[in-house]
Amino acid sequence: VALDIEQSTTRTDPVKADLRDKMYELFDEALRSAGIHAAHRDPFIDRGDGVLALIHPVEQAPKALLLNHVIPTLNRLLADCNAGLLHSSGSPRQLRVRVVMHAGETHYDPNGCFGEALDIAFRLLDSFPVKKALRMTSGPLALVVSGDIYQSVVRHGYSGIDRNSFRQAVRIHIAGNRYPGWIHIPGEVMPHRVTEMASYRHIA
């Protein structure tokens, strides 16, 4: 699971620092509220304007729990945060994030983590359709899940997961392979039909 703060490059450094602190705090709170504690994941990996959590494939942290508990809780915490955050001038300070969820193998070397699973996740997270989806909603969060997550979890409709609230709207290309992504905006029901899919080619 990875998060990225919307429009972070437009913020001053002091504001970025405040939003980063709040992002870490709320993300950790959302995970812990689902019983996913530090023992069930690697230490958070900082990405400047975002954060990566590598969650272990253990019974205490099933994929469905991330979708039916962690994401809704994070969305609520962000909404509450935005309702209470104001600049001294009185204008609202918004903490809005894009979130990606994918599953796969990751590897470590002395310089950090790497692997195709991370390439897929970050390309989905940074794709234009996901950025546009967040920009077009008044909510604080836009989620994109990979094909693996959609096929193994979402389409089965596990408790609290409505597959009709996901729309297939992303397709990325990595090393000649295509990877789809499904976008979900908490609280919004997507059309049943597949929307026009934007395709982005990346060389890896």
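Selection of the stretch 60-82 for residues being at pLDDT below 90 and surrounded by fewer than 16 Cβ atoms within 10 Å (Cβ to Cβ) yields only GLN60.
Quick one: in the stretch 101-122, of everything that is open to solvent by 60 Å² or more (accessible area, probe 1.4 Å) and either out of contact with any helix residue (DSSP H, G or I) (no Cβ under 8 Å at 6 or more places or on another chain) or basic (Lys, Arg) (or both), which residue is farthest from ARG171 (Cα to Cα)? Taking the candidates together, the pick is PRO110. What number of residues within the stretch 157-178 satisfy the criterion of being open to solvent by less than 20 Å² (accessible area, probe 1.4 Å) and part of a loop (DSSP other than H, G, I, E, B)? Looking only at that region, the number is 1. Scanning the stretch 7-37 for residues that are touching a Gly at 6+ places or on another chain (Cβ under 9 Å), open to solvent by less than 50 Å² (accessible area, probe 1.4 Å) and charged (D, E, K, R) gives no hits.
Only residues that are part of a helix (DSSP H, G or I), farther than 11 Å from LEU95 by Cβ and either charged (D, E, K, R) or touching a residue at least 60 places away in the same chain (Cβ under 8 Å) (or both) were counted across the stretch 1-15, and they come to 1.
Tell me, yes or no, whether the stretch 147-156 has at least one residue that is within 20 Å of SER8 (Cβ to Cβ), modelled with pLDDT of 95 or more and surrounded by 17 or more Cβ atoms within 10 Å (Cβ to Cβ). No, the conditions are met nowhere in the stretch 147-156.
Within the stretch 123-146, being part of a helix (DSSP H, G or I) and buried (at least 18 other Cβ atoms within 10 Å of the Cβ) holds for ARG123, LEU124, LEU125, PRO129, VAL130, ALA133, LEU134. When GLY181, GLY187 are checked against the criterion of being surrounded by 13 or more Cβ atoms within 10 Å (Cβ to Cβ), of a type in the set (Gly, Ala, Ser) and at pLDDT 95 or above, GLY181 stands alone in meeting it.
Every residue, every condition in (1) closer than 19 Å to GLU188 by Cβ; (2) among the polar types (S, T, N, Q), yes or no:
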site: LEU54; (1), (2): no, no
site: LEU67; (1), (2): yes, no
site: PRO110; (1), (2): no, no
site: SER127; (1), (2): yes, yes
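Close contacts from the stretch 57-73, counting a first residue that is in a loop (DSSP other than H, G, I, E, B) and a second that is modelled with pLDDT of 90 or more and open to solvent by less than 20 Å² (accessible area, probe 1.4 Å), with Cβ to Cβ under 6 Å and a gap of 6+ residues or different chains, come to ALA61/ILE36.
The values are calculated or read from the model by the stated rules, or taken from the named source; none is laboratory data. Just so it is clear, the model here is predicted, and its values are computed rather than measured. Here Cβ is always computed from backbone atoms with ideal geometry, including for glycine, and neighbour counts include all displayed protein chains. The accessibility values were calculated without ligands, DNA or RNA, using every heavy atom of the protein model including side chains. Shrake-Rupley method; radii C 1.70, N 1.55, O 1.52, S 1.80 Å.
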